[in-house]
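As structure tokens, the structure follows; a few thoughts come after it.
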Amino acid sequence: MSGLPALSLIGWSGAGKTTLLLRLVPELRARGLRVGVVKHSSHAHALHREGSDTARFAEGGAALVGYATPAGVQLSLPEPPEHLLAVLAPFAGRVDLVLVEGWKDGPLPKVEVWREGLEAPLALTRPDVLAGVGTPPLGRELPRFAPEDVAGLTTFLLRCRDEGRLVPPGA
């Protein structure tokens, strides 16, 4: 991935990952970063609307399917999720940081979003969790941030990026 800094925001469903990302991206942009965001899902979802031309192209075996409109370009590649880092590598010049929502088992460093009433924090068994958002009983000393402390979390993430801690192992 050519050292492109990337981070997963992990947590159980309903923890607030999407809400945090929606706050975090503008804060990172305000600090001059170009941010890429990828939503990871463990569930199979169609990448194209059933019966659409792009779905038919993909079903026909196209190595890459694109959809271009005045609003932008969307590309789909028939790659398994474990190839995500390689797929993102060419974008190293276009983005300064990639945030992945989810991908608990992926190779990226992680920040866990947690709230009361959910299953036990993932950080209890995952050494690649750098910090917690919410009040997770992490079982070890890690930086913690309140969900509304987006500025503090952003400062922490920028420090981790500058220290090279957001580059996936082997990148």
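Confirm whether residue 52 is closer than 16 Å to residue 76 by Cβ and either touching a residue at least 40 places away in the same chain (Cβ under 8 Å) or in contact with a Lys or Arg (Cβ under 9 Å, 6 or more places away or on another chain) (or both). Judged against the criteria, residue 52 is not a match.
Across the stretch 67-76, the number of residues qualifying as surrounded by 12 or more Cβ atoms within 10 Å (Cβ to Cβ) and either among the small types (Gly, Ala, Ser) or within 18 Å of the chain's Cα centre (by Cα) (or both) comes to 2. Taking the criterion of being hydroxyl-bearing (Ser, Thr, Tyr) and either out of contact with any Leu (no Cβ under 6 Å at 6 or more places or on another chain) or not in a strand (DSSP E or B) (or both), the residues of the stretch 66-86 that qualify are 67, 69.
Tell me which residues, restricted to the stretch 90-103, are open to solvent by 60 Å² or more (accessible area, probe 1.4 Å) and either in contact (Cβ under 8 Å) with a residue 12 or more places away in the chain or in contact with a helix residue (DSSP H, G or I) (Cβ under 8 Å, 6 or more places away or on another chain) (or both). Listed by number, the residues that qualify are 91, 94. When residue 106 is tested against (1) on the phi > 0 side of the Ramachandran plot; (2) in contact with a His (Cβ under 8 Å, 6 or more places away or on another chain); (3) open to solvent by less than 20 Å² (accessible area, probe 1.4 Å), just one condition goes unmet, and that condition is (1). Name every residue in the stretch 2-58 that is open to solvent by less than 70 Å² (accessible area, probe 1.4 Å) and at positive phi, in order of residue number. Hits for the stretch 2-58 are 3, 11, 14, 16, 32, 51.
With respect to the conditions (1) of a type in the set (Lys, Arg); (2) in contact with an Asp or Glu (Cβ under 7 Å, 6 or more places away or on another chain); (3) exposed (fewer than 13 other Cβ atoms within 10 Å of the Cβ), residue 159 falls short on a single one, namely (2). Scanning the stretch 147-159 for residues that are touching a residue at least 60 places away in the same chain (Cβ under 8 Å) and part of a helix (DSSP H, G or I) returns 150, 151, 153, 154, 157, 158.
The values are calculated or read from the model by the stated rules, or taken from the named source; none is laboratory data. All values derive from a computational prediction rather than experimental measurement. Counting neighbours? That spans all protein chains shown, and the Cβs are built from the backbone with ideal geometry, glycine included. Note: accessible area is taken over every heavy atom of the protein model, side chains too, but ligands, DNA and RNA are not part of it. Shrake-Rupley method; radii C 1.70, N 1.55, O 1.52, S 1.80 Å.
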